[in-house]
Amino acid sequence: MTRILAIESSCDETACAIVDSDMNVISSVVTSQIDVHARFGGVIPEVASRMHVEQISVIVNEAIKQSGLTMDDIDAIAYTIGPGLIGSLHIGGIAAKTLAYFYNKPLIGVHHLKGHIFINELVRPFVYPVLALVVSGGHSELVIMNNDHDFKIIGTTMDDAVGESYDKVARVIGLEYPGGPKIDKLSKEGNRSYKLPIPKVDGYNFSFSGLKNATITLVNKMKERGEEINTADLACSFQEAALEELMKKTLAAIKEYDVKTVLAAGGVACNSRLRELLAENVDETKLILPPLKLCTDNAVMIACAAHHYYQNNQFVGFDASSSPSMSIEE
Ligand code: KG4
Ligand code: ZN
């Protein structure tokens, strides 16, 4: 049995967790900067870095304290090496390297999206090939995995990520950052009454900027004309169009690649309507939906992925650089 201490700091959450190789979460601490960024309507990178600096030691100490373990009980230190905001990534990287150096532990640099994917192993182990629908504030990707270290992107967004579109549409109808969860909630009270364009891109790629811009333009026009906007209907119309596109491509990929496991990953995997559509359309023996509380950024997911890196002897040196835009295929 191995135990890994992991640190996540790629965006606006500072987090530390300890997870063992049986996927038991021994401790997990997350602080979110959402309240601060909400004032600006989105994440301000410089503010995020400063807040990580303030929080990181407190969070790591708290995770160790809550675990009841000492550093002697830890086999490796993991951290998010990319993608993410470069300043934010550096803070987690420096903290992880310091711990690894001081306590003489191997160091693991985890790809953030692999973390979002492997959190699903808390539900059950994967049977390969796996299709992962990765949907977050920064990513919309369909990924095929033939084993735990072979990732192939079969589709990605040509422009905005789906979560980013949720956040921008939310802002124009007066909902605070992050808007995704608020649109999800508001949609339940609405109908798909506004006509919005369904994104059209060939193959497994996505595009959300056309839908996002059409929604924002419609709202602005209605505001100019002094027309009343039914925000619940608007939220519902936007969400249904976006999810229709995600579902269409996911279902086609399941068929073509004959996958044995289908999973959702990333912040948008919290979305209740997406979860409902996946549950309705995907064979329940194949489908894994991540625990709601662990869809958005946390360090448990980094530790879960790190166990695979550990088993595959994928370690990094102290000279490893964080990378704001690394691909999951690297
Ligand atoms: O994975 P995450 O915490 O951070 C990134 O790695 O990007 O995802 C955050 C994104 C935000 O865009 C947020 O609005 C979206 O996930 N999100 C949701 C929901 N909960 C979070 N989008 C739609 N419906 C939700 N319930
Ligand atoms: Zn994330």
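The values are calculated or read from the model by the stated rules, or taken from the named source; none is laboratory data. It should be emphasised that the depicted structure is a prediction, and the values quoted were computed from it without experimental measurement. Cβ atoms come from the backbone with ideal geometry, glycine included; neighbour counts cover every protein chain shown.
If you take the residues in the range 114-160 that are surrounded by 23 or more Cβ atoms within 10 Å (Cβ to Cβ) and among the polar types (S, T, N, Q), which one is farthest from residue 235 (Cα to Cα)?
120
What's the total number of residues in the range 174-189 that are more than 17 Å from residue 296 (Cα to Cα) and crowded, with 20+ Cβ neighbours inside 10 Å?
3
Can you give me the number of residues within the range 263-313 that are among the aliphatic types (A, V, I, L, M) and within 14 Å of ligand 2 (Cβ to nearest atom)? Steps first, answer last, please.
First, the residues of the range 263-313 that are among the aliphatic types (A, V, I, L, M): 263-265, 268-269, 274, 277-279, 282, 287-289, 292, 294, 299-303, 305-306.
From the residues that got through so far, the ones that are within 14 Å of ligand 2 (Cβ to nearest atom) too are 264-265, 268-269, 294, 299-302, 305.
Residues meeting the conditions: 10.
Restricting to the range 12-23, and then to whatever is out of contact with any Leu (no Cβ under 6 Å at 6 or more places or on another chain) and under 16 Å from residue 114 (Cβ atoms), can you tell me which residue is farthest from ligand 1 (Cβ to nearest atom)? Steps first, answer last, please.
Keep residues of the range 12-23 that are out of contact with any Leu (no Cβ under 6 Å at 6 or more places or on another chain), which gives 12-17, 19-22.
Keeping just the survivors that are under 16 Å from residue 114 (Cβ atoms) gives 15, 17, 19.
On the way: 15: 11, 17: 15, 19: 18 Å.
Looking at the filtered set, the residue picked out is 19.
For residue 330, indicate whether it is acidic (Asp, Glu), assigned by TED's automatic domain parsing to the domain that holds residue 209 and either in contact with a Leu (Cβ under 9 Å, 6 or more places away or on another chain) or away from ligand 2 (no atom under 15 Å from the Cβ) (or both).
On the way: acidic (Asp, Glu): yes; assigned by TED's automatic domain parsing to the domain that holds residue 209: no; either in contact with a Leu (Cβ under 9 Å, 6 or more places away or on another chain) or away from ligand 2 (no atom under 15 Å from the Cβ) (or both): yes.
No; evaluated as a whole, the condition is false for this residue.
Do you know which of the residues in the range 260-315 that are surrounded by fewer than 21 Cβ atoms within 10 Å (Cβ to Cβ) and among the acidic types (Asp, Glu) is nearest to ligand 1 (Cβ to nearest atom)?
276
What helices (runs of 4 or more DSSP H) lie completely within the range 205-285 and have 1 or more residues being touching a Phe, Trp or Tyr at 6+ places or on another chain (Cβ under 6 Å)? Don't jump to the end; show me each part of the working.
Values: elements: 209-224, 231-257, 272-281.
Once the helices (runs of 4 or more DSSP H) in the range 205-285 are filtered for at least 1 residues that are touching a Phe, Trp or Tyr at 6+ places or on another chain (Cβ under 6 Å), what remains is 209-224, 231-257.
Check off (1) in a strand (DSSP E or B); (2) out of contact with any Asp or Glu (no Cβ under 6 Å at 6 or more places or on another chain) for residue 46 and give me the number that stays unchecked.
(1)
Here is a check on your reading of the model: is residue 163 assigned by TED's automatic domain parsing to the domain that holds residue 248, among the small types (Gly, Ala, Ser), out of contact with any Phe, Trp or Tyr (no Cβ under 7 Å at 6 or more places or on another chain) and crowded, with 23+ Cβ neighbours inside 10 Å? Reasoning before the result, please.
Values: assigned by TED's automatic domain parsing to the domain that holds residue 248: yes; among the small types (Gly, Ala, Ser): yes; out of contact with any Phe, Trp or Tyr (no Cβ under 7 Å at 6 or more places or on another chain): yes; crowded, with 23+ Cβ neighbours inside 10 Å: yes.
For residue 163, the condition - assigned by TED's automatic domain parsing to the domain that holds residue 248, among the small types (Gly, Ala, Ser), out of contact with any Phe, Trp or Tyr (no Cβ under 7 Å at 6 or more places or on another chain) and crowded, with 23+ Cβ neighbours inside 10 Å - is met.
In the range 81-187, which helices (runs of 4 or more DSSP H) lie fully inside it and hold 1 or more residues that are more than 28 Å from residue 38 (Cα to Cα) and under 16 Å from the mean Cα position of the chain (by Cα)? Working first, answer last.
Numbers: elements: 86-103, 112-118, 162-172, 180-187.
Passing ranges, in order: 112-118.
Taking the range 1-27 only, how many residues are within 17 Å of residue 56 (Cβ to Cβ) and at pLDDT 95 or above?
Our first condition is that a residue be within 17 Å of residue 56 (Cβ to Cβ); within the range 1-27, this holds for 5-18, 27.
With at pLDDT 95 or above added as a condition, the list becomes 5-10, 14-18, 27.
Number satisfying all stated conditions: 12.
Report yes if some residue within the range 52-62 is under 17 Å from residue 298 (Cα atoms), within 16 Å of ligand 1 (Cβ to nearest atom) and not assigned by TED's automatic domain parsing to the domain that holds residue 147; otherwise report no.
Yes, the range 52-62 contains at least one residue that is under 17 Å from residue 298 (Cα atoms), within 16 Å of ligand 1 (Cβ to nearest atom) and not assigned by TED's automatic domain parsing to the domain that holds residue 147.
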